[in-house]
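As C-alpha cells, the structure follows; a few thoughts come after it.
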C-alpha cells in the first residue's frame, strides 16, 4: 500500500469540485471590487471575508492555503511567492532589532545567507548548531531568543534532527519553533510533533514539475488557555491575539510581512501548484522507494553516498524510527574533487543540472561551485560542503535506469 494512502484520497477531493468547474478556478486579478463602501470597510476591518487586494490574498491561493493547512493539521496557511519569501514572512513577522534566532542543522544556502547576512544587517543575530548539539542549543536560549528554526532534513548534509526533542526544548522555554518541511511533506508532520510554524518551498516536490515558483507558511492555532505566544517574550503580538484569537499568527504574518513587504503568491502559480499537489502522494512514494534503492546500489558499487537509509549513516536508527515514511528526494555523492564531479554530471544522460530539487526528473548539482561558492571554508565544513559533493534529487525515472546511468557516468 502507498505509504501516503490517506492523502491520495483527501488531496484530490479537496482540489477538485463536485459542481461547476472541476479544475481549480484561476483568479488572476490584481484588485477586487467591493460593491459598496460599507463592504469595503468590513473587508479592511476583517468582519467581511472577501478579497481585499492581491498582495494580501487571492481566491485561487486561498484554496491552496486551505488544502495545505488541512494537510499539515494547521489552523491556516499563507501562500507566498517563493520558499525564501515564505521563510522571510514567517520570521520577519515575529522579529525586531535585537532579537535572536537559533538555527539547527545543515541549511539550504539561501536560508543560511538570509540568517547570517541579511538579518544581521537589521540587528538580528542567528546562532547555528548541529542537529545533535541539544545541550548547546538549550544553553543558547535567552530572553532575546524569538525563534528556533530547523530543516526537517539537512540540505545537503542529509543529517536528521530529533524534531520531538527540539520541540520539547522550544516548549520548555516558550520559544517559537519553526520547521522547514520542504523536503518531507507527508513524510513528517511537524505541527503534530510540536512545531508552531511550518515553512515550504512549494516549488519543489509539492508542485514537482518546475512549472511554478512558490512557497507557503502553515500555522498552528493559538490555544484558548496557556500558550507560549501569550508570554512576555511575544508581548508585541498580544493585540493580535486579543482581536483574532486562534488565528492570530496568520493575522500577524499578513499585517507585519505580507502587506508591507509583498512576498505574495500569484493566482496562476497557486493554480499550477494545486495541479502538482494532486499527485504528490503518488510521486513521493515512488521517489522515496527509488532513493533508497539507488543509495544502496551505488554504495555497494563503491560510490561515496550520503543517505540515512544506509547503516553507516550516523542517523540511520533515527531514519528507521522517526523517518519511517522517508526523508524526501535527496541523496549526495562525493566524487572527491570538483573535476570528477563535473565529469560525472556532464557524462550523465539522465541528470538535469540545476539548482532545483523535488522534480519529476532526476536533478544534480555540484554544491561548492554553485550555491555555496561564496561561503568561507569554515562555513562549508559546518554545512557539509566538500570539494566533490554533488546533490542529487531523484525523479520518477526507473531506479534501474538511474543506477545504470550513474554507474556509466562515473566509469565504475
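Every number here is computed from the coordinates shown, using simple stated rules; none is lab data. All of these numbers come straight from a predicted model, not from anything done at the bench. Cβ placement follows ideal geometry from the backbone for every residue including glycine, while neighbour counts extend to all protein chains displayed.
Below are the figures for this structure:
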| item | result |
| --- | --- |
| Whole-Å distance, taken between Cα centres, linking region 191-227 and region 165-190 | 11 |
| Of 110, 328, 46, the one that fluctuates the most in a GNM where the chain has Cα springs shorter than 10 Å | 46 |
| Cα-based convex hull, region 1-122, per residue volume (Å³, whole number) | 186 |
| Computed helical MRE - 222 nm, the chain, DSSP H runs ≥ 4 contributing -39500 (n - 2.57), nearest 500 | -10500 deg cm²/dmol |
| Rg over Rh [alpha-carbon atoms, Kirkwood Rh] for region 332-382 | 0.99 |
| Angle between the chain longest axis and helix 338-347 axis [Cα atoms, degrees, rounded to 10] | 90 |
| Order of 227, 196, 376 under a 10 Å beta carbon neighbour criterion, fewest first | 376, 227, 196 |
| Between region 312-335 and region 1-38, the Cα center-to-center distance that results, in Å | 34 |
| Size-normalised alpha-carbon gyration radius of the chain, reference 2.2 N^0.38 Å | 0.99 |
| Packing-based exposure ordering (other Cβ within 10 Å, fewest first) of 204, 228 | 228, 204 |
| Stokes-Einstein D (µm²/s) once Rh is taken as the Kirkwood radius of region 281-410 over alpha-carbon pairs, at 25 °C in 0.890 mPa s | 165 |
| GNM top mover of 148, 166, 48 - the chain, alpha-carbon springs below 10 Å | 48 |
| Translational diffusion coefficient (Stokes-Einstein; Kirkwood radius from C-alpha pairs) of region 1-46 at 4 °C, 1.567 mPa s, in µm²/s | 91 |
| Distance histogram in 5 Å bins (all Cα pairs of region 170-215, percent per bin) | 6, 22, 25, 18, 14, 9, 4, 2, 0 |
| The chain: angle of helix 5-15 to the longest principal axis, Cα-based, in degrees nearest 10 | 50 |
| Over region 139-290: Rg over Rh, Cα atoms, Kirkwood Rh | 0.99 |
| Fewest-first ranking of 15, 199, 175, 25, using other Cβ atoms within 10 Å as the exposure measure | 25, 15, 175, 199 |
| Between helix 267-278 and the chain: long-axis angle, C-alpha atoms, 0 to 90°, nearest 10 | 50 |
